[in-house]
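Structure, as structure tokens:
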Amino acid sequence: MSQTTAGAPLKGVRIADFTIHAAGPFCTHLWSQLGAECIKIESQTRPDAFRKPHAVYGRMSAATFDQVSANKLSVRLNLKQPEAIALAKRLVRISDVAAESFRPGVMKRLGLDFNSLKEIKSDLVMLSLSSCGQDGPDSHFAGYAPLFGAWGGLGWMSGYSDGPPVEMRHVMDHAAGTHAALALMAALHQKRRTGQPQHVDLAAREVASAMIGDALLLASLGQTPERTGNSDLAMAPHGVYASNKPDRWLTLAIRDDAEWSALLRVLGRDNSDARFSTVSSRQQHREALDARLGQWLASFDADSLAEQLQENGVSAHVSWDMEDIANDAHIRGRKATVEVSGENIPARLAVGAPIHYSKTDDVGIRRLTPTLGQDEDYVFGELLGLSTAQRAELQEREIIF
């Protein structure tokens, strides 16, 4: 039977998921949180890289996999074997959507590209998410999140004016995956209206460029955009300031002179310095303003001060670390974080869906992270009709492997 939630928005939608790593899997993960049945296709010889421990990040269990694959079903297909390709095509035939995130050309060599698959499913909707897109002079380049941000210009625009560009990591994977989820939704809607197939070609580096449109506009006018760090073109002060505790930072965003006056009242300071009396003058003397404010705030407790400032109409909050978020009752109450577990892996937090619908069941994580091949009874047996003996024979010949 279907694994979808009764009232979820994408109930009844099935995805054949060939995506790997983070960007593509995050796209299909979003769909699975909205109720789609997502069948993740891996193999014992080439499991998803995120199943592996990430010792470089200090994690000796594959916690990252929860963030992109909870809710999904897992089956094994050794795509080096022609019979496994045939089974993959049967899965696509009974699915609404196919998704992949290999380097361009890989799916074509396997016989699983859009043109090949639409021959067996005339109304196929397919996503191909890659570094630079399916065509063009750079399409052959592989890439990971830091490359997307660097090549797309977002890294250059991130950081301080006197420092280097900032490397963008998982945020780029997730941004590309979110764009892909939206594009795929539109393609499915078009298919339902017209019955026509649709191939969604998404380049992750172009997602990064799409996020800095204002800087690209300035460059096209002959100006040189600069990194602004934590500052803002309209608000001053606007930044993150140290407090009396190590690594406890206060974030401030002062919109106008009234809020500046309120900030001074709470801090017990006067407004005698003419350099800081108006928004425009504070902007003009931003460096001196930040230095002065940094001296004042260094003796305060960030948490209690943030609460006082909010009570006086000032936009302020502590820059929360992961422990703050993990322990927050509001976040847990709204299921923005949920506990997941897996075989031989203790329960731990994963990111839930930051979405709620008024007339459908709650979306989010409803199923534990799958072990490799966990759902083959359902997928190969119930959906594709393979008998136990047939599957055993395919496993012995390492087709299902």
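The values are calculated or read from the model by the stated rules, or taken from the named source; none is laboratory data. Keep in mind that what you see is a predicted model, and the values were worked out from it rather than measured. Note that each Cβ is placed from the backbone with ideal geometry, even for glycine, and that neighbours are counted across all protein chains shown.
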Lone qualifier among GLN295, GLN284 - being closer than 19 Å to ASP232 by Cβ and over 34 Å from the mean Cα position of the chain (by Cα): GLN284
Test: residue in the stretch 70-91 that is aliphatic (A, V, I, L, M), at pLDDT 95 or above, surrounded by fewer than 24 Cβ atoms within 10 Å (Cβ to Cβ) and part of a loop (DSSP other than H, G, I, E, B): yes
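Which residues, counting only those in the stretch 99-113, are part of a loop (DSSP other than H, G, I, E, B) and either buried (at least 22 other Cβ atoms within 10 Å of the Cβ) or touching a residue at least 24 places away in the same chain (Cβ under 8 Å) (or both)? Working first, answer last.
Going through the stretch 99-113, the residues part of a loop (DSSP other than H, G, I, E, B) turn out to be 101-105, 111-113.
Correct list: SER101, PHE102, ARG103, PRO104, GLY105, GLY111, LEU112.
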All positions within the stretch 1-56 that are modelled with pLDDT of 90 or more and of a type in the set (A, V, I, L, M): LEU10, VAL13, ILE15, ALA16, ILE20, ALA22, ALA23, LEU30, LEU34, ALA36, ILE39, ILE41
Qualifying residue in the stretch 168-178 (condition: surrounded by fewer than 20 Cβ atoms within 10 Å (Cβ to Cβ) and polar (S, T, N, Q)): yes
In the stretch 263-279, residue nearest to GLN295 (Cα to Cα) [restricted to those that are small (Gly, Ala, Ser) and within 44 Å of the chain's Cα centre (by Cα)]: GLY268
Matching residues, the stretch 301-319, being in contact with a Phe, Trp or Tyr (Cβ under 6 Å, 6 or more places away or on another chain) and not small (Gly, Ala, Ser): none
Any pair with Cβ under 7 angstrom, 6 or more apart, that starts in the stretch 291-308 at a residue that is without any contact (Cβ under 8 Å) to a residue 60 or more places away in the chain and ends at one that is assigned to a helix (DSSP H, G or I): TRP296/LEU267; GLN308/VAL266
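Does the stretch 211-221 hold any residues that are of a type in the set (A, V, I, L, M), without any contact (Cβ under 8 Å) to a residue 40 or more places away in the chain and part of a helix (DSSP H, G or I), and which are they? So that I can check it myself, show each step before the final result.
Applying the first criterion (of a type in the set (A, V, I, L, M)) to the stretch 211-221 yields 211-212, 215-219, 221.
Those still in the list that are without any contact (Cβ under 8 Å) to a residue 40 or more places away in the chain too: 217-219, 221.
Listed by number, the residues that qualify are LEU217, LEU218, ALA219.
Residue check: is ALA389 of a type in the set (A, V, I, L, M), free of Cβ contacts under 8 Å to residues at least 24 places away in the same chain and in contact with a helix residue (DSSP H, G or I) (Cβ under 8 Å, 6 or more places away or on another chain)?
The answer is no for ALA389.
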Filtered residues of the stretch 208-238 (kept if surrounded by 14 or more Cβ atoms within 10 Å (Cβ to Cβ), of a type outside the set (A, V, I, L, M) and closer than 30 Å to ALA23 by Cα): SER209, PRO225, ARG227, THR228, GLY229, ASN230, SER231, ASP232
Filter pass, VAL379 being outside the structural domain of LEU263 (by TED's automatic domain parsing), modelled with pLDDT of 95 or more and buried (at least 18 other Cβ atoms within 10 Å of the Cβ): yes
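If you go through the stretch 365-377 one residue at a time, do you hit one that is part of a helix (DSSP H, G or I) and either among the charged types (D, E, K, R) or under 18 Å from SER69 (Cβ atoms) (or both)? Talk me through it step by step, then tell me what you get.
Step one: list which residues in the stretch 365-377 are part of a helix (DSSP H, G or I), which gives 376-377.
Now drop any that are not either among the charged types (D, E, K, R) or under 18 Å from SER69 (Cβ atoms) (or both), which leaves 376-377.
So far as the stretch 365-377 goes, yes, one or more of its residues are part of a helix (DSSP H, G or I) and either among the charged types (D, E, K, R) or under 18 Å from SER69 (Cβ atoms) (or both).
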Every pair of residues 6+ apart whose Cβ atoms lie under 9 Å, when the first sits in the stretch 320-341 and is over 17 Å from ALA302 (Cα atoms) while the second is in a strand (DSSP E or B) and of a type in the set (Gly, Ala, Ser): THR337/ALA350; VAL338/ALA350; GLU339/ALA347; GLU339/ALA350; VAL340/ALA347; VAL340/ALA350; SER341/ALA347
Odd one out for ARG367, checked against (1) within 30 Å of PRO237 (Cα to Cα); (2) surrounded by fewer than 18 Cβ atoms within 10 Å (Cβ to Cβ): (1)
